[in-house]
Each structure stands twice: as C-alpha cells, then as structure tokens.
Amino acid sequence: MKSLMFLAAATALVGAQPALAKGCIRGAAAGGAAGHFVGKGHAMMGAAAGCVAMHHHYAKQARAQKAAAKQR
C-alpha cells in the first residue's frame, strides 16, 4: 500500500510540472536499480523515492536559474 502511495505522489508531481520530467525519469532509474539490489520488493519504492528526490532537485535548480536571470 505504501508503494502505491509513493507512486501516486510521484505521478502527481510529474503531472504538475512536465518540464521537470527528466529529473523524475533519471531518479526513478537510479532509485529502481538501487532498490533492486537492496532486496525483494524495494525497486518500486526506490523508483518512487528517486523520482521525488530528483524532481525536487531539478525544481530547485530551475528556481535558482530563474532568480539569477531576474537579477541581471
């Protein structure tokens, strides 16, 4: 049930900002691989967590670039 909740949250984040989808895809790939090596059933949770983490990273990076461009 928790993995379904994480997957739904990650999907909602991607749907909200499609320009940052590459972060979700990259994070999901890395998290899924890491979760696969941890043990049975952790690949989906790793993918969801990786998606959320990288989506946050790219959103933060985009805000910083926007603020830097605004100061010029």
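Values in this text are rule-based calculations from the coordinates and carry no lab data. It should be emphasised that the depicted structure is a prediction, and the values quoted were computed from it without experimental measurement. Reconstructed Cβ throughout: ideal geometry from the backbone, glycine too, with neighbour counts over all protein chains shown.
Quote to one decimal, in nm, the extra length available between ARG72 and ALA21 on full extension: 0.36 nm per residue of separation minus the C-alpha distance between them.
Details: separation 51, 0.36 × 51 = 18.36 nm, distance 2.76 nm.
Contour length minus the Cα-Cα distance gives 15.6 nm.
Identify the trypsin sites (Lys or Arg not before Pro) of region 33-66 meeting these criteria: DSSP loop state and at most 10 other C-beta atoms within 10 Å of the C-beta.
Numbers: sites: LYS40, LYS60, ARG63, LYS66; in loops: LYS40.
Qualifying residues, ordered by number: LYS40.
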